[in-house]
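Working notes for the structure below.
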Amino acid sequence: MAENPLTSFGVPFVAPPDYAPLVDGPRPAFDADLQQLAEVRPALVDGAWTRQWVVQALPEPVAAQNRIASVTRAAQQRLDEFARTDAFDGILSAASYATSSIPRFRSRGQYAVKARDATWAKLYEILAAVQGGSRPMPSVPAVLAELPPLAWPPIEA
């Protein structure tokens, strides 16, 4: 059908004598930040024509931008998930309490601001080193492991 887009096929489809169905083959695992899947010529596997895939490297500029976007999203998600451990909607919500008139909320908000600032400062330091060529781009888990720990201080009485 792909080779003959202007051709109509009846319903129900009646296959011609030389017709062979194509079944999906397993897709290999790949890192979506750095690689892409490309479909190649089908192969006859156990008597069935099977779709085949290969993993190809993405161009370096694209891979670098993808990885930067992934680590940035992961850092933001980490901050938001941390804030939710104390019933805030996210880090932005928590930080908005930094000037609250209620001491407990104010201290939590001020800690959220400090945690957010420390996280982004460290992430930007890592990315600057990568962009400056002094280190390779780490994986998302490696970047998250380098970020400052997140732990709410004890609640002030």
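The values are calculated or read from the model by the stated rules, or taken from the named source; none is laboratory data. Predicted model only: the values in this text are computed from it and were never measured. Using ideal geometry, Cβ is built from the backbone for each residue, glycine included, and neighbour counts are taken over all protein chains shown. Side chains included, ligands, DNA and RNA excluded: accessible areas come from the protein's heavy atoms. Shrake-Rupley method; radii C 1.70, N 1.55, O 1.52, S 1.80 Å.
Below are the figures for this structure:
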| item | result |
| --- | --- |
| Any hit, segment 34-43, residues being modelled with pLDDT under 95 and in a loop (DSSP other than H, G, I, E, B) | yes |
| Any hit, segment 70-78, residues being open to solvent by 50 Å² or more (accessible area, probe 1.4 Å) and either of a type in the set (A, V, I, L, M, F, W, C) or over 23 Å from the mean Cα position of the chain (by Cα) (or both) | no |
| Hits in segment 6-33 - residues which are open to solvent by less than 70 Å² (accessible area, probe 1.4 Å) and not in a loop (DSSP other than H, G, I, E, B) | 23 |
| Segment 143-152, residues that are surrounded by fewer than 11 Cβ atoms within 10 Å (Cβ to Cβ) and closer than 19 Å to residue 33 by Cα | 145 |
| Residues being open to solvent by less than 20 Å² (accessible area, probe 1.4 Å), closer than 18 Å to residue 152 by Cβ and part of a helix (DSSP H, G or I) - total across segment 90-142 | 8 |
